[in-house]
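These notes are about the structure you will find just below.
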Amino acid sequence: MNLRDVVAELGLAVLTGEAGLDREATGGYCSDLLSDVMAHARPGDVWITLQTHPNVVAVASLTNVAAVVASGGQRPEAASLARAANEGVVILASDQPSFELAGRLHALLAAGQQAR
Amino acid sequence: MVMATELVSLTVDLHIHSALSPCADNEMTPRAIAARARQMGTDMIAVCDHNASGNAAACHAAGQATGLAVIPGMEVQTREEVHLLCLFPSLAALAAWQAVVDRALPPLDNQPQHFGRQLLFDDHDRPLGEERRLLLTSTALTVEDVFAGVTRLAGLCVPAHIDRPSYSLLGTLGLIPPGLAVPAVEISRRADPAAVRERFPDTRGLPFLTASDAHWLSQIAPARTRLVARAPTFDELRQALAGADNRRVVIDD
């Protein structure tokens, strides 16, 4: 399933990286400890986090995740958004809490797998 | 007579909690901390409570009474859940910083039954009351806000226990944010500096400090970190971290 479909299904706001929405979302990861994300997120994951610091963008680039979702109504800092726009990192946002988003994303990706 | 310009080796423990921190033992009173640190042969300490400094003046005075240098300090929790040691040249600078932190604390009350009591003392360990606000929580300040604010007040901002998985700059934010002028980092009290440097290449070139992070009196042990400088003062510490005129900070095995 590509990011554009994920955005539509979960009702996410697209904050940066509009041009990257055709990328395939192959999995998900949910964590607010960036060291943990660096160690465990896989390329193509949709990373759900409450963190808004510019290092989120650095870690997203480093791990090559498909997108970052700022959950629970959090909005990344201006410096984060500027950096993400510059680096073509997809930043999405939602007012839903991480638990809710992760559950819905997991179901969506599993359904996508079955449809193949 | 010792020349004033001579470098001396001084033991320092720059991260000790008083009973104002809810997680610290109620026996962590100003006089008791100073006496224990002196007993362990420590020359200079900093008392750094979570987002608070209500015992700072009492600890400073208690130190003076026992011949121990006490640097004004605080351990701030940023909005990202990073702990930063904030050290200041004077109690006035710390008070100015406290005003910034006060505005950035959420309007919540402490729950002593869950978190512990937040006790205030005078410099003779007489109880002065309790801090009511919840201290064990994140302020609204970012890491960058804290560095900028502390630097403006001529203080030093040292990321705490960076080798720990949580509440640490590297655990929480993964890497040292570019553009942050970090003067030194604190590593856990028993950590092997060489191993930490290998694990976190980001720390290359940064001075390391160890501290007890004591929450109980018994955790105040002989300090592993030595300040090689002219005197046990904030300014000498600042110069040692900058490597001025052969001053330095050394961690013993």
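The values are calculated or read from the model by the stated rules, or taken from the named source; none is laboratory data. Bear in mind that the values here come from a model prediction, so they are computed numbers and not experimental data. Here the Cβ is made from the backbone with ideal geometry for all residues, glycine too, and neighbour counts use every protein chain on show. Protein only, heavy atoms only, side chains kept; ligands, DNA and RNA dropped before computing areas. Shrake-Rupley method; radii C 1.70, N 1.55, O 1.52, S 1.80 Å.
Points to keep in mind about this one:
- Contact residues in region B:163-190 (at least 40 Å² less accessible area with all protein chains than alone, 1.4 Å probe): B:THR172, B:LEU173, B:LEU175.
- Residue-normalised accessible area of region A:1-77, expressed per residue, 1.4 Å probe, Å²: 39 Å²
- For the protein assembly as shown, the Cα-based Rg and Dmax, in that order, read 23.0, 86 Å.
- Low-density loop positions, trypsin sites (Lys or Arg not before Pro), region B:61-150 - DSSP coil, at most 12 other Cβ in 10 Å: B:ARG132
- Whole-Hz couplings from phi, Karplus 6.51/-1.76/1.60, listed for region B:188-202; x for Gly and Pro: 4, 4, 9, 5, 8, x, 5, 5, 5, 4, 5, 6, 10, x, 4
- Protein accessible area in region B:66-200, 1.4 Å probe - carbon and sulfur %: 56 percent
- Treating r as the C-beta distance of B:SER218 and A:ALA13 and R0 as 41 Å, the FRET efficiency rounds to 0.20.
- Phi angles across region B:105-120 convert, under the Karplus curve 6.51 cos²θ - 1.76 cosθ + 1.60 with θ = phi - 60°, into 3J(HN,Hα) values of 7, x, x, 10, 8, 5, 10, x, 5, 9, 9, x, 7, 10, 9, 10 Hz, Gly and Pro given as x.
- Pairwise centroid distance, computed over Cα atoms, of region A:14-34 with region B:49-123, Å: 40 Å
- Taking 25 °C and 0.890 mPa s as conditions, chain A diffuses translationally at an estimated 180 µm²/s according to Stokes-Einstein applied to its Kirkwood radius (Cα pairs).
- Accessible surface buried upon A-B contact (total; probe 1.4 Å; Å², nearest 100): 1000 Å²
- Over region B:1-89, the ratio between the Cα radius of gyration and 2.2 N^0.38 Å evaluates to 1.15.
- Prolate/oblate/rounded call for region B:101-186, Cα gyration tensor, a/c under 1.5 rounded: prolate
- Tail weight of P(r) past 24 Å, computed on alpha-carbon pairs of region B:134-253, percent: 29 percent
- For region B:63-119, the Kirkwood estimate of the hydrodynamic radius, built from every pair of different alpha carbons, is 13.6 Å.
- Taking every C-alpha pair closer than 8 Å and separated by at least 6 residues, the mean separation divided by the residue count of chain B gives a relative contact order of 25 percent.
- Relative intensity of chain B on a log10 scale, I(q)/I(0) at q = 0.08, 0.16, 0.17 Å⁻¹, equals -0.27, -1.19, -1.35, per a Debye sum over C-alpha point scatterers of equal strength in the absence of solvent.
- Acute angle (nearest 10 degrees) that the helix A:98-115 long axis makes with the longest principal axis of chain A, alpha-carbon atoms: 40 degrees
- Nonlocal amide H pairs with B:ASP13, under 5 Å, H built at 1.01 Å: B:MET44, B:ILE45, B:ALA46
- Estimated [θ] at 222 nm from DSSP helical runs (n ≥ 4, -39500 (n - 2.57)) normalised by residues in chain B, nearest 500: -7500 deg cm²/dmol
- Relative to one another, the C-alpha centroids of region A:42-63 and region B:155-176 are positioned 18 Å apart.
- Placing R0 at 22 angstrom, the Cβ-Cβ distance between B:MET40 and B:ARG117 gives a FRET efficiency of 0.30 after rounding to 0.05.
- Here r is the Cβ-Cβ distance between B:THR151 and A:ALA78 and R0 is 22 Å; the resulting FRET efficiency, rounded to 0.05, is 0.60.
- Modelled this way, with points 7 Å down the Cα-to-C-beta line, the labels at B:THR137 and A:ASN2 are 4.4 nm from one another.
- Solvent-accessible heavy-atom area per residue, rounded to whole Å², over chain B at 1.4 Å: 42 Å²
- When DSSP beta bridges are restricted to pairs lying wholly in the protein assembly as shown, around 55% turn out antiparallel.
- 1.4 Å probe, heavy atoms, protein only - residues of region B:128-143 losing at least 10 Å² accessible area vs chain alone: B:THR142
- Rg to Rh, two decimals, where region B:171-232 supplies the alpha carbon set and Rh follows Kirkwood: 1.00
- You can think of it this way: the chain between B:ASP235 and B:THR5 has 81.4 nm of extra reach, that is 0.36 nm per residue less the Cα-Cα gap.
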